[in-house]
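The values are calculated or read from the model by the stated rules, or taken from the named source; none is laboratory data. Not measured: the values here are computed from a predicted model. We place every Cβ from the backbone using ideal geometry, glycine too, and count neighbours over all the protein chains shown. SASA here: full protein model, heavy atoms, side chains in, ligands and nucleic acids out. Shrake-Rupley method; radii C 1.70, N 1.55, O 1.52, S 1.80 Å.
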Amino acid sequence: MDPTVLDPSALDPSALDSSAPGSTAENSTALDPEPGRLPQPARRPTMYFIGVTTARSSIRTVFPRWAEALGLGDVALVGIDLPLHAPAADYRRVVEFLAADPLSLGALVTTHKIDLYQACQNLFDEIDPLARLMGEVSSLSKRGGRLVAHAKDPISSGLALDAFLPAGYWARTGAEAFLMGAGGSAIAISWYLTRPERGADRPSRIVVSNRSTERLATLVGVHTELGTGVDVHTVHTPEPGDNDGVLAALPAGSLVVNATGLGKDAPGSPLTDATRWPAEAIGWDLNYRGDLVFLDQARAAGVRLEDGWVYFLHGWTQVIAEVFDVAIPTSGPRFDELGRIAAAARR
């Protein structure tokens, strides 16, 4: 990418004016810059969504309705799309813009969590312990003019897991967890599953695969520092057939997670259609939109499956609470109401 592209002066201000017609909930992408460009300075309190294909997310319809239900006032959500593994300079320009702009309050980061952290960690005034441990950032917010980086995935992924796996599942089944993909979400899920306070209710083993070895090394480093006592085994799987072999060797009841982004950020699945699933396996796709090939494969095999919808709800409510400094419960009537609002706008 041309290093001058992420330059707000190159944009037409009238096209991105937050007061311009079309910036309503019915056209919630009206304020988005074109891919690779920075937004205009915010004219009302604004949260950003840093991703790859942000305009396609249900949050674009859900956010205005949640903002009303939460009493946030006249606020905006603006998407910033960057390609996978964008140049470090592009991540830095985005974070520098957010830090300097008074009405830009924070951001949810998806897909780019590790890359953005690595490129920008010296730009953050505060880094929470989980973000520092995991080397990723999923939430940016401001407190007293200071830019704060958080890793919210360990919390949101744990809440999503607990929504479909009953307490005592791992102790009862002796099953393993197989995480395909070694990015921020996989690190967060593996962290949650290995917490010592879970006692015997942890997988007998966690297997993590990835197409590149660098991310696997990062994940191993996190678990080495934690010293949790659960066997975390990594496998280099440059081809989908490589994952098939790992899956076929899993014990009954194992959890199989698509944490690769395939099916949303890029087409396809980390498995082939010929794969053999273990008995009573559970397939969890962190995606809820896209071609969702992984879920189709699991469904065809008669596997119990979960999509990423509850993960989406917890991921966004955790970050919105941080950015706007409001309390949002993780369960109960108020959370359920936010879920109903979101479900009505799901796309």
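Say we look at the range 52-86 and pick out the residues that are at pLDDT 95 or above and surrounded by fewer than 16 Cβ atoms within 10 Å (Cβ to Cβ); which of these is nearest to G263 (Cα to Cα)?
R65
Given (1) under 20 Å from the mean Cα position of the chain (by Cα); (2) under 23 Å from S58 (Cα atoms); (3) not charged (D, E, K, R), where does V256 come up short, assuming only one miss?
Failing condition for V256: (2).
Please find, among A55, A107, the residue that is in contact (Cβ under 8 Å) with a residue 60 or more places away in the chain and among the small types (G, A, S).
One residue alone meets the criteria, A107.
Are there any pairs with C-beta distances below 6 angstrom linking a residue in the range 256-279 that is more than 20 Å from I187 (Cα to Cα) to a residue that is open to solvent by 30 Å² or more (accessible area, probe 1.4 Å) and of a type in the set (G, A, S), with the two at least 6 apart or on different chains, and if so which?
Sorted first by the residue in the range 256-279, then by its partner, the pairs are T272/G241; R276/A248; W277/A301; P278/A252; A279/A252.
Inside the range 302-317, can you point out the residues that are touching a helix residue (DSSP H, G or I) at 6+ places or on another chain (Cβ under 7 Å) and over 14 Å from F63 (Cβ atoms)?
Of everything in the range 302-317, those that are touching a helix residue (DSSP H, G or I) at 6+ places or on another chain (Cβ under 7 Å) and over 14 Å from F63 (Cβ atoms) turn out to be L305, E306, D307, V310, Y311, H314.
Of the residues in the range 112-127, how many are open to solvent by 50 Å² or more (accessible area, probe 1.4 Å) and in contact (Cβ under 8 Å) with a residue 12 or more places away in the chain?
4
Only residues that are open to solvent by 40 Å² or more (accessible area, probe 1.4 Å), under 25 Å from T173 (Cβ atoms) and touching a residue at least 24 places away in the same chain (Cβ under 8 Å): list them for the range 215-241, please.
L226, G229, D231, H233, T234
Would you confirm whether or not the range 162-185 contains a residue that is within 20 Å of F312 (Cβ to Cβ), hydrophobic (A, V, I, L, M, F, W, C) and surrounded by 20 or more Cβ atoms within 10 Å (Cβ to Cβ)?
Scanning the range 162-185 turns up at least one residue that is within 20 Å of F312 (Cβ to Cβ), hydrophobic (A, V, I, L, M, F, W, C) and surrounded by 20 or more Cβ atoms within 10 Å (Cβ to Cβ).
Testing E280 on (1) part of a loop (DSSP other than H, G, I, E, B); (2) over 17 Å from F164 (Cα atoms); (3) open to solvent by 30 Å² or more (accessible area, probe 1.4 Å), one condition comes back false. Which one is that?
(2)
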